Amino acid sequence: MTVPRLHVTERLAAGHAIRLGGDRAHYLRNVLRLREGAGLQLFNAEDGEWRATLVGQARHEVAIAVAERIRPAVAEPGPTLVFAPIRRNRLEWLVEKAVELGVARLVPVLTQRTVVRPEGSGRLEAIAIEAAEQCERLTVPVIDPPRPLQDWLAGRDASARLLLAHERGDGPPVQRALAAARDADLMIGPEGGFTPEETALLLALPQAAAVSLGRRILRAETAALVMLAAWQGAHAET
Ligand code: SAM
């Protein structure tokens, strides 16, 4: 059986005992049905990944003894994905797959054609954590609260590169643009696309460029994953 891997915010060090309550205790006790003596792997971005053992259970919590480190903390650089919220099931899928593909930050922005009400960040954060546990990341990407496009633009570093997926533009293929722009923010529009005014505003930014994701019009979540897969192909070491 695969050893369960759990993200924790508690500090991890040899000999530490940590207690988990709430959903995480429920998950270990009632979903995975772990009992005393069961092995676990705990991780977080600060301390890396550690072997641990479940050593005690009470009604609403479990006690875990941390043993030795298996992987040190490492930087996991990845791109920022800027996107307009889409329908809930598609958004949840996007978040899960984006984490698997190495996204470092997810930035939802509200555009003129954004028609869905943005989801609370708690549910999306839980999905991001679960995806990080599954795909053996040590870091969980940051998910920003949704904000209007204009607000995001106002707070953004204007010198940062921005690659805008433009379905009806004449930009180069994203793969080509990414080869020369490792640190670019990747941006996709809502289901209805950006309005012409938004497209003009974005492409007028000093470091912005339109890119193509091919001849077919992709759904927003497919477009996001194509961009992230292209980034991974161009820049991930493995
Ligand atoms: N309603 C738009 C239309 O028919 O022209 C399509 C919008 S598309 C569903 C959602 C977003 O995905 C777009 O705003 C764009 O950022 C991205 N996208 C989809 N297909 C693309 C392509 N072939 N090249 C570049 N971007 C694409």
| remark: With -39,500 (n - 2.57) per DSSP H segment of 4 or more residues and division by the full residue count of the chain, the 222 nm estimate, nearest 500 deg cm²/dmol, is -8500 deg cm²/dmol
| said: So if I take the centroid of the Cα atoms in segment 1-61 and the same for segment 95-124, what is the distance between those two points in Å? | reply: 28
| Computed magnitude of the charge dipole of the chain (debye, nearest 20; Cβ of K, R +1, Cβ of D, E -1) | 500
| remark: The Rg/Rh figure for segment 79-173, Cα atoms and Kirkwood Rh, to two decimals is 0.97
| remark: Expected sort for 227, 187 with the fewest Cβ neighbours (10 Å cutoff) up front is 187, 227
| task | Counting only trypsin sites (Lys or Arg not before Pro) that are in a DSSP loop and have at most 15 other C-beta atoms within 10 Å, tell me the longest site-free stretch of the chain. | result | 114-155
| message | Suppose we keep just the DSSP beta bridges with both residues in segment 1-118; what percent of those would be antiparallel, to 5? | response | 70
| Of 99, 74, 226, 142, how do they rank once you tally other Cβ atoms within 10 Å and put the fewest first? | 74, 142, 226, 99
| remark: Among the Cα-Cα pairs of segment 143-238, the proportion with separation greater than 20 Å, in percent, is 35
| message | Can you list which of the DSSP-assigned H helices in the chain have a Cα extent of 20 Å or more along the long axis and an average Kyte-Doolittle score of at least 1.6? | response | none
| task | Going by C-beta contacts inside 10 Å, put 49, 221, 10 in order with the fewest on the left. | result | 10, 49, 221
| request: Only bridges with both residues in the chain count here: give the DSSP antiparallel percent, nearest 5. | output: 45
| query | Where nothing but the Cβ of Lys and Arg (+1) and of Asp and Glu (-1) is charged, how large is the charge dipole of segment 52-107 around its Cα centre, in debye to the nearest 20? | reply | 220
| Cα gyration tensor category, rounded, prolate or oblate, for the chain with a/c compared to 1.5 | prolate
| Roughly how big is segment 18-70's charge dipole about its Cα centre, with Cβ charges of +1 (Lys, Arg) and -1 (Asp, Glu), in debye to the nearest 20? | 300
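Read-outs: derived from the displayed coordinates by stated rules, not from any lab. Computed from a predicted structure; not experimentally measured. No Cβ is skipped: glycine too gets one built from the backbone with ideal geometry, and neighbour counts run over all protein chains shown.
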